[in-house]
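Pasting in a structure now, in structure tokens, and then I'll have a few things to ask.
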Amino acid sequence: MKQIIENIWHVGDSGCSVYAVDTESDEGLVLIDAGMDLDLIKGIEISGLKFEDIRHCILTHCHIDHTAACAGLAKSLPGIRFYAHALDAAPIEEPGHDGRTAAGWYGITYEPVSLYQSFDADTVLTFGSMDFHCLHIPGHTPGSIAVVVKTAGQKVLFGQDLHGPFSDDFLSNLADYRRSMDRLLTLEADILCEGHYGIFQPKERVRQFIEEHRERHLR
């Protein structure tokens, strides 16, 4: 566990980076992705947060390295609510989408969970006094989203898998990806919490990371 900025924590890495946001309200903790290891998430206790205070989990896309722990969360925390874009909802909620979830890449079976809410456009989820701006950024998958939160005067971008990879199995689309990266550049985020490459700040480093990967996939 590592605190990134006020209210925001890097829980750790299990398949992907998992992040937690403390709403400091009755809405409790919000996870950005769940990764693959429930025990990792339970480890938030070592930083004084409470596992049972997790109320919400926003899934940035349907891949199993971001969602495998969801079933365990649902069993341990029956009231937890999951959110995702509608274009990635079927692989999250239904069995039999091993190509879409990348379960075949990992040689494991994905256990579906039900979404509390799926959305087909940009959406703002408000928990307590905090707004979670869910932005549709297709490319890596059709329903990939980024999440933007403002805290302590800083704009934090949760941009998981901005680096790719891309595959027909995922229904990836490079033209969509490039447009999505152009959109993220206009945000001028102060901090980027990426899914596999770590945390980048200040905004110049955020821009550099996005531009480097966008240009790589232009070639």
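The values are calculated or read from the model by the stated rules, or taken from the named source; none is laboratory data. None of the values given here were measured: they were computed from a predicted structure. Don't worry about glycine lacking a Cβ; one is built from the backbone with ideal geometry, like all the others, and counts go over all protein chains shown. The protein model used for the area step is the full one, side chains on, heavy atoms only, and it has no ligands, DNA or RNA in it. Shrake-Rupley method; radii C 1.70, N 1.55, O 1.52, S 1.80 Å.
Table: residues versus (1) open to solvent by less than 20 Å² (accessible area, probe 1.4 Å); (2) among the basic types (K, R); (3) in contact with a Lys or Arg (Cβ under 9 Å, 6 or more places away or on another chain).
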{"site": "I5", "(1), (2), (3)": "no, no, no"}
{"site": "G12", "(1), (2), (3)": "yes, no, yes"}
{"site": "D26", "(1), (2), (3)": "no, no, yes"}
{"site": "L29", "(1), (2), (3)": "yes, no, yes"}
{"site": "D39", "(1), (2), (3)": "no, no, no"}
{"site": "R55", "(1), (2), (3)": "no, yes, yes"}
{"site": "D65", "(1), (2), (3)": "yes, no, no"}
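Continuing with the same structure: List pairs: first in segment 166-185 and in contact (Cβ under 8 Å) with a residue 60 or more places away in the chain, second of a type in the set (A, V, I, L, M) and in a helix (DSSP H, G or I), Cβ under 9 Å, 6+ apart or cross-chain?
These pairs meet every condition: L171/L87.
For segment 1-118, which fully contained helices (runs of 4 or more DSSP H) count at least 1 residues that are within 20 Å of E194 (Cα to Cα) and aliphatic (A, V, I, L, M)?
Counting at least 1 such residues, we get 38-42, 64-67.
Sort out which residues of segment 119-138 are β-branched (V, I, T), assigned to a strand (DSSP E or B) and surrounded by 15 or more Cβ atoms within 10 Å (Cβ to Cβ), and write them in order of number.
Taking segment 119-138 and keeping what is β-branched (V, I, T), we get 123-124, 126, 137.
Add one more test, that the residue is assigned to a strand (DSSP E or B), and what stays is 123-124, 126.
T123 - this is the single residue of segment 119-138 that is β-branched (V, I, T), assigned to a strand (DSSP E or B) and surrounded by 15 or more Cβ atoms within 10 Å (Cβ to Cβ).
Kindly indicate whether Y116 is out of contact with any His (no Cβ under 7 Å at 6 or more places or on another chain) and modelled with pLDDT of 95 or more.
Numbers: out of contact with any His (no Cβ under 7 Å at 6 or more places or on another chain): yes; modelled with pLDDT of 95 or more: yes.
Answer is yes for this residue.
If I filter segment 139-158 for residues that are open to solvent by 20 Å² or more (accessible area, probe 1.4 Å), in contact with a Phe, Trp or Tyr (Cβ under 7 Å, 6 or more places away or on another chain) and part of a loop (DSSP other than H, G, I, E, B), do I get at least one hit?
Residues of segment 139-158 that are open to solvent by 20 Å² or more (accessible area, probe 1.4 Å), as a first pass: 142, 150, 152-155.
Checking which are in contact with a Phe, Trp or Tyr (Cβ under 7 Å, 6 or more places away or on another chain) leaves us with none.
No, every residue in segment 139-158 fails to be open to solvent by 20 Å² or more (accessible area, probe 1.4 Å), in contact with a Phe, Trp or Tyr (Cβ under 7 Å, 6 or more places away or on another chain) and part of a loop (DSSP other than H, G, I, E, B).
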